[in-house]
Each structure stands twice: as structure tokens, then as C-alpha cells.
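Let me begin by presenting the structure, written as C-alpha cells, before commenting on it.
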Amino acid sequence: MGVPRLHLITNDAVLRDAGFVDRADAVLAALGPAAALHLRGHGLDGGVLFHLADRLRPSASAAGAMLVVNDRVDVALAAGIRAVQLGRHAMPVQEVRRLLGEAARLGYSAHGAEEARAAVDAGADFVVIGTIYPTASHPGDPGAGPERVARTAEMVRVPIIAIGGITPARVAEVVEAGAHGVAVLGGVWHAADAAAAARNYLEALEEVST
């Protein structure tokens, strides 16, 4: 499986929503192999994350989408998921590779080109780079702009996923700077129709590709 172009990031509030699983099922069905769904819940215990991963794994498999567990390598192992997103506070990339094997897909969340290059040198398959534009999840951060994407693209030869304040209208700018795809949270999960919102992003990605 290649690296999907649209990465759907969650947080504690999104995962705790009673309707999350149904919405996630609809998004996965709508996007198929173009989607990577990240289960990121820093404030949730392992049992809750395992339940969500176990419940969504069949939906992701049926759609051909990638289901990713963020940081919690133990949950990924227990749920039989071989895609993990790491970061500076997570286990080292090399150790996770040893645990999950060469076939696992390992992403790394970086905040600069040098950090991204170090992660790739350690074995990361793709990098999520931010924060590109101002976003509510990082108040006070003005965003580094597409230049951070371009700088990272000069230093690594793996797919780059841009994150932070990405809207459909901004997709072309980050892709032209060197991004393979984009990662979004509020733009999808805060929408009334998450599947329709996700399709808007995918259409923007497909348009800039042509």
C-alpha cells in the first residue's frame, strides 16, 4: 500500500464523540485508499484506543484505507495494526521498526526539515510536517508557511504530508511546494457532514495533481 494523500487526524474530543465510529465508517467508505485515519488520543487509555482500533480495522480494510495508531505502539501491536505515527515524545523509530517489522508503515510528525530528515534516516516511511498555517489546535503559532514543506522536500525523499490550518483552498499551495498530501482535523470532523468535507479535500488533491 502506498502512502495515502489525505490523513484524517483525531483528538480526544473527536474520539469521545458518541457518533465517531459511524462518521469514521462513512469517511473511510467515501475515500477508500486515498485515506489514512489516525487514531490520536493522548488523554485516552489504552483500552479505549484498542476498542476503537479493533472496531475500525475491518472498515478500513474493506475500504482499502490505512488505519494508523498514533504513538501507542502497544495498542497497534494488540490490535494487529501495522501503521504507527510517531513523534519526538514517542518510542524511537528504529525500535518501533524492530517491533513491528519491515512491512510496517511508520510515519513521523516533525516540526522542521532537519527533524524530518533524522526521522527518515532512522527508517520513517513518511513525514507529517507542520505547523504550516495558523490553526486553533496551536494557538499563538503563526504557522511556518509552505516554505517549511519546500525545505523538507529538499532534504527527504519520502512522502511529505502537510498539516496545520489546511483548507481545500490551500491544498494546491502545499502540494506545489512539495507535499504528497495533507492532514486535517477540524476541517473534516467539525463539519456537519464529515464524508462530504473529506471529499472536498480529496477533490482538491486530485485537481492539483492533474
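The values are calculated or read from the model by the stated rules, or taken from the named source; none is laboratory data. Just so it is clear, the structure is predicted and the values come from calculations on it, not from any experiment. In this analysis, Cβ positions are derived from the backbone assuming ideal geometry, glycine residues included, and neighbour counts consider all displayed protein chains. For the accessible areas, the whole protein counts, side chains as well, though only heavy atoms, and no ligand, DNA or RNA atoms are used. Shrake-Rupley method; radii C 1.70, N 1.55, O 1.52, S 1.80 Å.
In the set ARG88, ARG55, which member is part of a helix (DSSP H, G or I) and open to solvent by 50 Å² or more (accessible area, probe 1.4 Å)? Only one candidate qualifies: ARG55. Determine if the stretch 119-140 includes at least one residue that is closer than 22 Å to GLU207 by Cβ and among the small types (Gly, Ala, Ser). No, because not a single residue in the stretch 119-140 is closer than 22 Å to GLU207 by Cβ and among the small types (Gly, Ala, Ser). Restricting attention to the stretch 1-33, the residues that are touching an Asp or Glu at 6+ places or on another chain (Cβ under 9 Å), within 24 Å of VAL127 (Cβ to Cβ) and either in a helix (DSSP H, G or I) or open to solvent by less than 30 Å² (accessible area, probe 1.4 Å) (or both) total 1. The residue pairs whose first member lies in the stretch 92-116 and is free of Cβ contacts under 8 Å to residues at least 12 places away in the same chain and closer than 16 Å to ARG157 by Cα, whose second member is of a type in the set (D, E, K, R) and surrounded by fewer than 14 Cβ atoms within 10 Å (Cβ to Cβ), and whose beta carbons are closer than 6 Å, counting only pairs six or more residues apart or on different chains, do not exist in this structure. Whenever a residue of the stretch 27-42 is over 16 Å from ILE163 (Cβ atoms), its partners that are open to solvent by 10 Å² or more (accessible area, probe 1.4 Å) and of a type in the set (Asp, Glu), lying with C-beta atoms within less than 6 angstrom and at least six residues away or across chains, give the pairs GLY41/ASP12. Tell me which residues, restricted to the stretch 58-70, are buried (at least 16 other Cβ atoms within 10 Å of the Cβ) and under 18 Å from ALA103 (Cα atoms). Of everything in the stretch 58-70, those that are buried (at least 16 other Cβ atoms within 10 Å of the Cβ) and under 18 Å from ALA103 (Cα atoms) turn out to be ALA60, ALA65, MET66, LEU67, VAL68, VAL69, ASN70.
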